[in-house]
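Read through the structure below, which is laid out as structure tokens, and then see the notes.
The values are calculated or read from the model by the stated rules, or taken from the named source; none is laboratory data. In this text, all values refer to a predicted model and were calculated from it rather than measured experimentally. For neighbour counting, all protein chains shown are included, and Cβ atoms are generated from backbone atoms with ideal geometry for every residue, glycine included. Heads up: the accessible areas ignore ligands, DNA and RNA and are worked out on the full protein's heavy atoms, side chains in. Shrake-Rupley method; radii C 1.70, N 1.55, O 1.52, S 1.80 Å.
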Amino acid sequence: MKDGKLVVYLEGRLDVSVANEVEEGLTELIDSLGHRKVLLNMKDVEYMSSSGFRACISTLRKLNSKEGLLKISNIKPAVKRIFDVIELTSLFDIYDSEEAALKSF
């Protein structure tokens, strides 16, 4: 937690083997613990599959339904290209640094 904002650090491969676990964990943080301002720091994410993107979209929708906000920061260029190719860049608030993302809430 940083000034009422939850920072979640993701790492490795966000693919079918872990995406459901990530999504369930984020849902728990939002539904049970009441977090409404969530930042996903992806500085250590090497790869994202469609399952990983689904988890991010699901989290975004859940926060939107609760008048919350989701920000993403520190996406590696290879992962950012995937965001661009599947045209999801405009769906998310993406920042180059954690500091910039935190200031934007």
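For this structure, a couple of remarks:
- Per residue, in Å², the accessible surface of the chain once ligands and nucleic acids are set aside, probe 1.4 Å: 56 Å²
- Percent RCO, i.e. relative contact order, over the chain, from Cα pairs under 8 Å lying at least 6 residues apart: 29 percent
- Per-atom-type breakdown for the stretch 6-103 gives carbon and sulfur 49% of the accessible area (1.4 Å probe, protein chains only).
- Size of electric dipole in the chain: Cβ of Lys, Arg +1 and of Asp, Glu -1, about Cα centre, debye, nearest 20: 260 debye
- Which of Met48, Ala78, Ser65, positive extreme of dipole for the stretch 6-103 (C-beta unit charges): Ser65
- Qualifying lysines (Cα of each under 17 Å from Cα of Lys62; at least 8 residues distant if same chain): Lys5, Lys37, Lys71
- Percent of alpha-carbon pairs separated by more than 24 Å within the chain: 13 percent
- In Å², nearest 10: area of Arg54 left accessible to a 1.4 Å probe: 100 Å²
- Taking θ as phi - 60° and the Karplus parameters 6.51, -1.76 and 1.60, the scalar couplings of the stretch 7-24 work out to 9, 10, 9, 9, 8, x, 9, 9, 10, 4, 6, 10, 4, 5, 5, 4, 4, 5 Hz in sequence order, x denoting glycine and proline.
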